[in-house]
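Peer 1: Can you keep this structure in mind? I'll have questions shortly.
Quick note: the coordinates plus some simple rules give every number you see, no bench work behind them. All values reported here derive from a predicted model rather than from experimental measurement. Here the Cβ positions follow ideal geometry from the backbone for every residue, glycine too, while neighbour counts run over all protein chains shown.
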DNA sequence: CCTACCGATCGGTAGG
DNA sequence: CCTACCGATCGGTAGG
């Protein structure tokens, strides 16, 4: 299965320009203050429009939050998933994904979903589930590419895809957290080095040239 | 330097029982809803006391938040740091710390500071700085034990303590995030396996028995 | 998209 | 620790 291509091609960006402008602004704010940190009133004021004018686009706060998460999903697909679609499956695509993800995490606010997962994991409701489904999808994507790499002989046959996906995901998550908290690009360098070392340690027997 | 012992012995738990009861309750809530997700009104109501009665203990909301972070620090020291103090420095203490940290992350809400870091990293102010200082201290502790292990010949001399600390921290963080979001203990098992594999890969030359 | 408004809740204060 | 209160803001509605 190619979960990456499935999701990336299904992405339909917002057609309504006013709605889009609101969501661009609101998603940036949710990035910084959390999905639950936005309020309709201050959002409207900072966008120079009335509260009810903004409200009319969504109908409820939770619907606005759902739209923000969808908007962030589109952004993730565009910035992280799409650049990797042109790569052959397996190690090439995996490396491209991890690289694009790290560059996305390097932006102000970092990776939207790493923040949203930490914010919402202890709660319940539609927004939490929406973010959880994204996280599950994304881990599945990484795992699929590892599986492809193994079956294509690019990685050692005894590699455990869930475990390797766990570790690679961990490195990017840690880079995101550290860089956002301390602002030091060394965190990104650590992740790149850790990813390279981990993947070099599971090259297939034939390719293990010493 | 022994940053762990320094912090653990400096910990002075709260003497005021009423204040302590409030902070126990408030810290659990901040754990789940975020440090910025608590409000004085609902907190007081759920504790069965008046808003101003609770307020009088702290003087301001930000002071309450600071007290919550301090309370969470005490809890972390008690649950994670203290059990490792009796262990000899180096690999023993490092392993004990990682094990205690994982057990702490397994509790409802997970690790308070991993959540708080993700929540506050994009902001500014005293609370964010307080959490950031804790994160810096904790990473320093892990790094110090790695350094001790290297200098005692328990780990290979070419190990980079910052990079190894980054990776071990990443594994626990990922276990915390995954377990809190999905509730599957496999996330903890992945982390334990990843930590063991990583440390086994950097045994000193003499101990590398094949 | 707007003005005008609703009841509820926010952090905080006065006074005891 | 309490009651009573402050102005501001919350999500949401009525009516246009």
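Peer 1: Once a ≥ b ≥ c are taken as the square roots of the eigenvalues of the Cα gyration tensor of segment A:86-210, is the result rounded (a/c under 1.5), prolate (a/b larger than b/c) or oblate (a/b not larger than b/c)?
Peer 2: oblate
Peer 1: For chain B, find the longest principal axis of its Cα atoms and tell me its angle to the long axis of helix B:161-182, 0 to 90°, nearest 10.
Peer 2: The answer is roughly 50 degrees.
Peer 1: Still on this structure, I have one more. Using the Cα gyration tensor of segment A:30-129, with a ≥ b ≥ c the square roots of its eigenvalues, what is the shape: rounded (a/c below 1.5), prolate (a/b larger than b/c) or oblate (neither)? Intermediate values should be presented prior to the final figure.
Peer 2: Numbers: a/c = 2.45, a/b = 2.08, b/c = 1.18.
In terms of gyration-tensor shape, prolate.
Peer 1: Using alpha carbons only, how many angstrom separate the centre of segment B:1-71 from the centre of segment B:170-210?
Peer 2: If we compute the Cα centre of each part, the gap is 33 Å.
Peer 1: Averaging sequence separations of C-alpha pairs under 8 Å and six or more residues apart, then dividing by the length of segment A:3-203, give the relative contact order as a whole percent.
Peer 2: Computed over segment A:3-203, the figure is 20 percent.
Peer 1: Here is a further query. Plugging the Kirkwood radius over Cα pairs into Stokes-Einstein for chain A, at a temperature of 20 °C and a viscosity of 1.002 mPa s, what D comes out in µm²/s? Mind showing how you got there, number by number?
Peer 2: On the way: Rh = 18.4 Å.
Calculated translational D: 117 µm²/s.
Peer 1: Another question, if that's okay. Which order results if A:50, A:3 are arranged by neighbouring Cβ count within 10 Å, fewest first?
Peer 2: Ascending Cβ contact count within 10 Å gives the list A:50, A:3.
Peer 1: Whole Å is fine, so just give me how far the alpha carbon centre of segment B:94-111 lies from that of segment A:117-166.
Peer 2: Value for the Cα centre distance between the two parts: 22 Å.
Peer 1: Say each of residue B:20 and residue A:60 gets a label point 7 Å from the Cα, pointing the same way as Cα to Cβ; how far apart are those two points in nm?
Peer 2: Calculated label separation equals 4.4 nm.
Peer 1: How large is the Rg to Rh ratio of the protein assembly as shown when both quantities use alpha carbon positions and Rh follows Kirkwood?
Peer 2: Values: Rg = 22.6 Å, Rh = 22.9 Å.
Result for the protein assembly as shown is an Rg/Rh of 0.99.
Peer 1: Treat the count of other C-beta atoms within 10 Å as a stand-in for reagent exposure and order A:75, B:82 from fewest to most. Before the final figure, lay out the partial values.
Peer 2: Working: A:75 19, B:82 15.
Ordered by Cβ neighbours within 10 Å, fewest first: B:82, A:75.
Peer 1: Still on this structure, please answer the following. Apply 1/(1 + (r/R0)^6) to the Cβ-Cβ distance of residue A:50 and residue B:9, taking R0 = 41 Å, and write down the FRET efficiency to the nearest 0.05.
Peer 2: The calculated FRET efficiency here is 0.10.
Peer 1: Between residue B:40 and residue B:197, take the C-beta separation as r, use R0 = 41 Å, and let me know the FRET efficiency to the nearest 0.05. Walk me through the numbers on the way to the answer.
Peer 2: On the way: r = 47 Å, r/R0 = 1.15.
Efficiency, from the Cβ-Cβ distance: 0.30.
Peer 1: Once the convex hull of the alpha carbons of segment A:170-210 is built, what does its volume come to per residue, in cubic angstrom?
Peer 2: 51 Å³
Peer 1: Another question, then. Relative contact order of segment B:134-210, please, whole-number percent, based on alpha carbon pairs below 8 angstrom and at least 6 residues apart.
Peer 2: 30 percent
Peer 1: Over segment B:55-123, what relative contact order in percent results from Cα pairs under 8 Å that are six or more residues apart? Before the final figure, lay out the partial values.
Peer 2: Numbers: 26 pairs, mean separation 14.5, N = 69.
Over segment B:55-123, the number comes to 21 percent.
Peer 1: Follow-up. Provide an ascending nm list, one decimal, of label-point separations from residue B:160 to the equivalent residue in each further copy; define each label point as 7 Å from Cα along Cα→Cβ.
Peer 2: When each copy's label point is compared with this one, the spacings are 2.7 nm.
Peer 1: What average number of partner chain Cβ atoms lie no more than 10 Å from the Cβ of the residues making up B:179-186?
Peer 2: 3
Peer 1: Multiply the residue separation of residue A:186 and residue A:2 by 0.36 nm, subtract the distance between their alpha-carbon atoms, and state the gained length in nm to one decimal.
Peer 2: Working: separation 184, 0.36 × 184 = 66.24 nm, distance 3.31 nm.
Gain on extension, residue A:186 to residue A:2, equals 62.9 nm.
Peer 1: At residue A:15, label 7 Å along Cα→Cβ: distances to the other copies, nm, ascending?
Peer 2: 7.0
Peer 1: Right, here's the next one. Pull out the extension gain between residue A:137 and residue A:82, defined as 0.36 nm times the separation in residues minus the alpha carbon to alpha carbon distance; nm, one decimal.
Peer 2: Length gained between residue A:137 and residue A:82: 18.3 nm.
Peer 1: Under the classification rounded if a/c is under 1.5, otherwise prolate if a/b is larger than b/c and oblate if not, where does segment A:120-178 fall, given a ≥ b ≥ c as square roots of the Cα gyration tensor eigenvalues?
Peer 2: prolate
Peer 1: Using the 7 Å Cα-to-Cβ label point, sort the distances from residue B:129 to its equivalents in the other copies shortest first and give them in nm to one decimal.
Peer 2: So the label point of residue B:129 gives 4.3 nm to the other copies.
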